[in-house]
Amino acid sequence: MKFVDEFRDAELGRAVAMEILSLVEPGRHYKLMEVCGGHTHSIYKYGIDDLLPANVELVHGPGCPVCVIPMGRVDDGIAIAHTDGVIFTCFGDMMRVPGSDGSLLDAKAAGADIRMVYSPLDALRIAKQNPDREVVFFAIGFETTAPSTALTLKRARAEGVPNFSVMCSHVTIVPPLRALLESPDLRLDGFIGPGHVSTVVGARPFQFIPTDYRKPVVIAGFEPLDILQAIEMILRQLAAGRCEVENQYKRVVPWEGNLRALEVMAEVFELRPHFEWRGLGFISHSGLKLSDAYADLDAEVRFSVPGVRVADPKACQCGEVLKGVIKPWECKVFGTACTPERPIGTCMVSSEGACAAYYNFGRFAREREVV
Amino acid sequence: MSVGGDSRGSHHCITCGDDGVPMTVVRVDLDRGLALCADEDGARASVETALVAPVAPGDMLLVHAGTALTRLGSAA
């Protein structure tokens, strides 16, 4: 397929890997964070870390939209789903995320009308087909899915669908990155920037990373050659003593982002003062809620939710995995009590989660020789 | 189609809406601001096109959660 096959060329991959090898200084350890869960998935799927010198370490970041949802939000969703007359809709991955007393899938088994949708538009369609029921969409995700929710809310308003509302759990990418950079746990040398988030927000919001923290950022695509080239570009910046935002994914990401998407998001959403992230705690101005103009379509206004903060299970170390402090397999319950079939933590739920990606693709090749 | 995996040979997970899917426009519904699009396996879906309009059959779009975020191959 165009835009795909040419970025999976093994020979070119080997050539970029050799280039990477020539750029690393022996004795220096390089710690690079891939921010986006899609990158984590590709890295394990294609074995990209096995092509890298042993002193180039990839650390998995907080960019999986499912993994960062705290248990209390799941409980809130389940409470709405159990309300009489409600059809609760969400993305499939979200259904398996454990709350304090089971997941949305468990709630569905217990009788709640919970349906998997592929987009908020599907949820709106269900609302139009069921005018006597209240249809709630559990909106999650970064700036990639937020425009979709915003456009659907505008459409619901324009088409007059009074029985549709949204439980907004959208988050933004910059505040957690800043929190990670401020964290004393983690010393990073550079970032593989999120590709599709950047189609919306553009490259400019990441400029604070080189300006304030002197670290390079390279926005990258999701094919194996994209990721390898991004790593090569970061190492090239480090070798030259440069730090700047570069765009490896120019075929998709315009430097200024999608202005229409930013406008519609600004109209429909506003920043919450703080939002709780799984494992990262509360981060200021990192979550979105519906703006006053759309408050009548806000499920948290329309229904009562417990809104109770629930601590993560003690055995689960998703927080440390999300911050890149430990590798998935270093978690005490990885692959034993916590598996994709029976996840304890969110990182094992989504295929973009570091634990699930590692469990599915990478666990057989942990040991490798030092190059 | 698989759930939670990628037995489709593609790199995306169909259960997670937050995943970019390259799709080709098949037919355009101008009145509703939607386009019928097909992915690489021929699976079709209605896609919101407000952020990239106007679109025409044959255009390739990057679709997230049912909304086209950008055109493929046209970014500067």
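For the condition away from chain B (no Cβ under 12 Å), surrounded by fewer than 19 Cβ atoms within 10 Å (Cβ to Cβ) and under 21 Å from A:LEU280 (Cα atoms), what is the one hit in A:PRO176, A:PRO184, A:PRO162?
Of the residues listed, the single one that is away from chain B (no Cβ under 12 Å), surrounded by fewer than 19 Cβ atoms within 10 Å (Cβ to Cβ) and under 21 Å from A:LEU280 (Cα atoms) is A:PRO184.
From the list A:GLU320, A:GLU367, A:GLU341, pick out the single residue that is under 19 Å from A:GLY102 (Cβ atoms), surrounded by fewer than 20 Cβ atoms within 10 Å (Cβ to Cβ) and modelled with pLDDT under 90. Talk me through it step by step, then tell me what you get.
Values: A:GLU320 fails: under 19 Å from A:GLY102 (Cβ atoms); A:GLU367 fails: under 19 Å from A:GLY102 (Cβ atoms).
After applying the criteria, what remains is A:GLU341.
Quick one: which residue in A:LEU51, A:LEU32 is closer than 25 Å to A:ASN360 by Cβ and touching a strand residue (DSSP E or B) at 6+ places or on another chain (Cβ under 9 Å)? Outline the logic, then answer.
Numbers: A:LEU51 fails: touching a strand residue (DSSP E or B) at 6+ places or on another chain (Cβ under 9 Å).
Result: A:LEU32 is the single residue among A:LEU51, A:LEU32 that is closer than 25 Å to A:ASN360 by Cβ and touching a strand residue (DSSP E or B) at 6+ places or on another chain (Cβ under 9 Å).
Among the residues of the stretch B:40-53 satisfying the criterion of being in contact (Cβ under 8 Å) with a residue 24 or more places away in the chain and surrounded by fewer than 20 Cβ atoms within 10 Å (Cβ to Cβ), which is nearest to the other protein chains (Cβ to nearest Cβ)?
B:GLU40
From (1) of a type in the set (Gly, Ala, Ser); (2) closer than 19 Å to A:PRO120 by Cβ; (3) surrounded by fewer than 19 Cβ atoms within 10 Å (Cβ to Cβ), pick out the condition that doesn't hold for A:SER350.
Unmet for A:SER350, out of (1) of a type in the set (Gly, Ala, Ser); (2) closer than 19 Å to A:PRO120 by Cβ; (3) surrounded by fewer than 19 Cβ atoms within 10 Å (Cβ to Cβ): (3).
Can you go through A:GLU6, A:GLU25 and tell me which one is of a type outside the set (Ser, Thr, Tyr), farther than 30 Å from B:MET60 by Cα and either in a helix (DSSP H, G or I) or over 27 Å from the mean Cα position of the chain (by Cα) (or both)?
Of A:GLU6, A:GLU25, the one residue that is of a type outside the set (Ser, Thr, Tyr), farther than 30 Å from B:MET60 by Cα and either in a helix (DSSP H, G or I) or over 27 Å from the mean Cα position of the chain (by Cα) (or both) is A:GLU25.
Does A:THR144 meet the test of being in contact with a His (Cβ under 7 Å, 6 or more places away or on another chain) and either facing chain B (nearest Cβ under 9 Å) or touching a residue at least 24 places away in the same chain (Cβ under 8 Å) (or both)?
Working: in contact with a His (Cβ under 7 Å, 6 or more places away or on another chain): yes; either facing chain B (nearest Cβ under 9 Å) or touching a residue at least 24 places away in the same chain (Cβ under 8 Å) (or both): yes.
When the stated conditions are applied, A:THR144 passes them.
Would you please name the residue that is farthest from the chain's Cα centre (by Cα), looking only at residues in the stretch A:259-305 that are surrounded by fewer than 13 Cβ atoms within 10 Å (Cβ to Cβ) and part of a loop (DSSP other than H, G, I, E, B)?
A:SER304
Could you tell me whether any residue of the stretch A:314-322 is more than 30 Å from A:GLU25 (Cα to Cα) and more than 21 Å from the chain's Cα centre (by Cα)?
yes
The values are calculated or read from the model by the stated rules, or taken from the named source; none is laboratory data. Worth saying up front: this structure is predicted, and the values here are computed from it rather than measured. Backbone-built Cβ (ideal geometry, glycine too); neighbour counts: all protein chains shown.
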